[in-house]
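A short worksheet on the structure shown next.
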Amino acid sequence: MSTYGSRLKQERLRLKLTQELFAEAGGVGRYAQGCYERDLSMPRADYLASITLIGVDALYIITGRRTVHRAQPSTGPVSEDQAAEH
């Protein structure tokens, strides 16, 4: 079974970071990071917000589902008149 701790570790390994560097990005110590990854304690929202800045998918950590990035639909070239309207 996938837990928030195992998903957190997966994200850290995907980014090729040590526990120490990952913890620093989240504003915590290496010990806290290890506790999170072993499901001994729950990370706070400010930690999760901070690690998104280094490319962590917080939705995946919380729910186990990856964030889907949808491309904006292209409507073709924009004329100068249309660009001026925006």
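Structure notes:
- Karplus-derived HN-Hα couplings along the stretch 47-60 (A = 6.51, B = -1.76, C = 1.60, θ = phi - 60°), whole Hz, x at Gly and Pro: 5, 4, 4, 5, 6, 5, 5, 9, x, 6, 8, 5, 4, 5
- Phi to ³J(HN,Hα) by Karplus 6.51 cos²θ - 1.76 cosθ + 1.60 over the stretch 30-46, Hz, x for Gly, Pro: 5, 4, 4, 4, x, 5, 4, 5, 9, 6, 8, 8, 9, x, 7, 4, 5
- Backbone HN-Hα couplings from phi across the stretch 3-18 [Karplus 6.51/-1.76/1.60, Hz, Gly and Pro as x]: 10, 4, x, 5, 5, 4, 5, 4, 5, 4, 5, 4, 7, 6, 10, 6
Values quoted throughout were computed directly from the atomic coordinates according to the rules given, and no laboratory measurement underlies them. Just so it is clear, the structure is predicted and the values come from calculations on it, not from any experiment.
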